[in-house]
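K.L.:
For reference, the structure I am asking about is given below.
The values are calculated or read from the model by the stated rules, or taken from the named source; none is laboratory data. Keep in mind the model is a prediction, meaning the values are calculated, not measured. When we count neighbours, we look across all protein chains shown, and the Cβ atoms used for this are built from the backbone with ideal geometry, even at glycine. What goes into the accessible areas is simple: the full protein's heavy atoms, side chains included, and nothing from ligands, DNA or RNA. Shrake-Rupley method; radii C 1.70, N 1.55, O 1.52, S 1.80 Å.
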Amino acid sequence: MNIDLLLKYFPSLTPQQKEQFAALDGLYREWNAQINVISRQDIDALYEKHILHSLGIAKIIQFKPGTEILDVGTGGGFPGIPLAILFPLADFHLVDSIGKKIKVVQGVADALGLTNVKAEQARVEQLDTTYDFVVSRAVTRLKPFLGWVRYKIVKAGNNDRPNGVLYLKGGDLAEELAEVPDRYRVYDLSDYFEEPFFETKKVIYVPKK
């Protein structure tokens, strides 16, 4: 699995974006040898299980220039880093409570020359900034997550969808979604990507009230 997988679904990448996406394999292997942020079995499926999975959000929304996005619990930089490559005119703030993970994120962002990425060791509750969108990849159940980020999202926005939360999750979510009274919409990534990995993967979109 390599950049050809991305080009299959995102054929209009610029030469610079192709270069940046192609560089991710070596960068994550190098960093992972020092600080384990991706499991050994997943590093060989980086483009499918981490990069393309992150870009599932881009099948739901195309962030316009100037959009401000918070990635909560980014881990090694997902979904924030792939989205920052795809949307170079949007601004991304990637936070994680574990400092060594943020060290990896900053190292990858610096190596790629991503000037639209800010990486910070922090808990979302500590942030006093606000954003258009909050993205994340399954850091906890949806109900507590929405509680953490509810006041971090501004109401007014200039994208084709209202500002809100875009949450990557997998599996049977019926019980979890029943806890959430908010209006939400579930997008099956299997509608966009044909690989078996995406059969149970979803993006949950919760617009700001």
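K.L.:
With respect to R141, is the statement that it is of a type outside the set (S, T, Y), over 15 Å from I60 (Cβ atoms) and open to solvent by 50 Å² or more (accessible area, probe 1.4 Å) true?
P.N.:
yes
K.L.:
Right, next: If you check every pair at least six apart or on different chains, which have Cβ atoms under 8 Å apart with a residue in the stretch 1-13 that is in contact (Cβ under 8 Å) with a residue 12 or more places away in the chain first and a residue that is among the acidic types (D, E) and exposed (fewer than 15 other Cβ atoms within 10 Å of the Cβ) second?
P.N.:
Every condition considered, the pairs that remain are M1/D44.
K.L.:
Right, here's the next one. Within the stretch 98-112, how many residues turn out to be among the charged types (D, E, K, R) and closer than 11 Å to G73 by Cα?
P.N.:
Number satisfying all stated conditions: 1.
K.L.:
Right, something else. Of the numbered conditions (1) buried (at least 20 other Cβ atoms within 10 Å of the Cβ); (2) part of a strand (DSSP E or B), L83 fails exactly one; give the number of that condition.
P.N.:
For L83, the exception is condition (2).
K.L.:
For the structure I just gave you, tell me whether K155 is of a type in the set (D, E, K, R), under 14 Å from the mean Cα position of the chain (by Cα) and either open to solvent by 70 Å² or more (accessible area, probe 1.4 Å) or closer than 27 Å to K64 by Cβ (or both).
P.N.:
So K155 fails the test.
K.L.:
When the residues of the stretch 159-172 are filtered to those that are modelled with pLDDT of 90 or more and part of a loop (DSSP other than H, G, I, E, B), which remaining residue is surrounded by the fewest Cβ atoms within 10 Å (Cβ to Cβ)?
P.N.:
Per the criteria, the residue is D160.
K.L.:
A further question on this structure: Only one of (1) of a type outside the set (D, E); (2) in contact (Cβ under 8 Å) with a residue 40 or more places away in the chain; (3) farther than 25 Å from L55 by Cβ is not met by A156, so which one is it?
P.N.:
Single failed check for A156: (2).
So that you can scan it fast, the table gives a plain yes or no per residue for (1) of a type in the set (G, A, S); (2) surrounded by fewer than 22 Cβ atoms within 10 Å (Cβ to Cβ); (3) over 21 Å from D188 (Cα atoms); (4) at pLDDT 95 or above:
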| position | (1), (2), (3), (4) |
| --- | --- |
| E19 | no, yes, yes, yes |
| L24 | no, no, yes, yes |
| Y28 | no, no, yes, yes |
| N36 | no, yes, yes, no |
| A45 | yes, yes, no, no |
| I51 | no, no, no, yes |
| Q62 | no, yes, no, yes |
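K.L.:
Can you tell me how many residues within the stretch 178-206 are open to solvent by 20 Å² or more (accessible area, probe 1.4 Å) and outside any loop (DSSP other than H, G, I, E, B)?
P.N.:
So the count comes out to 12.
K.L.:
What tally of residues in the stretch 86-117 results from selecting those that are crowded, with 16+ Cβ neighbours inside 10 Å and either farther than 21 Å from I51 by Cβ or in contact with a His (Cβ under 9 Å, 6 or more places away or on another chain) (or both)?
P.N.:
Result for the stretch 86-117: 1.
K.L.:
Out of the stretch 145-158, which residues are touching a Lys or Arg at 6+ places or on another chain (Cβ under 7 Å) and modelled with pLDDT of 95 or more?
P.N.:
Once the filter is applied, which keeps residues that are touching a Lys or Arg at 6+ places or on another chain (Cβ under 7 Å) and modelled with pLDDT of 95 or more, the stretch 145-158 yields only I153.
K.L.:
Answer yes or no: is there a residue in the stretch 140-153 that is part of a loop (DSSP other than H, G, I, E, B), of a type in the set (S, T, Y) and under 30 Å from T14 (Cα atoms).
P.N.:
No, the conditions are met nowhere in the stretch 140-153.
K.L.:
Among G107, G66, G80, G56, which is in contact (Cβ under 8 Å) with a residue 40 or more places away in the chain and at positive phi?
P.N.:
G66
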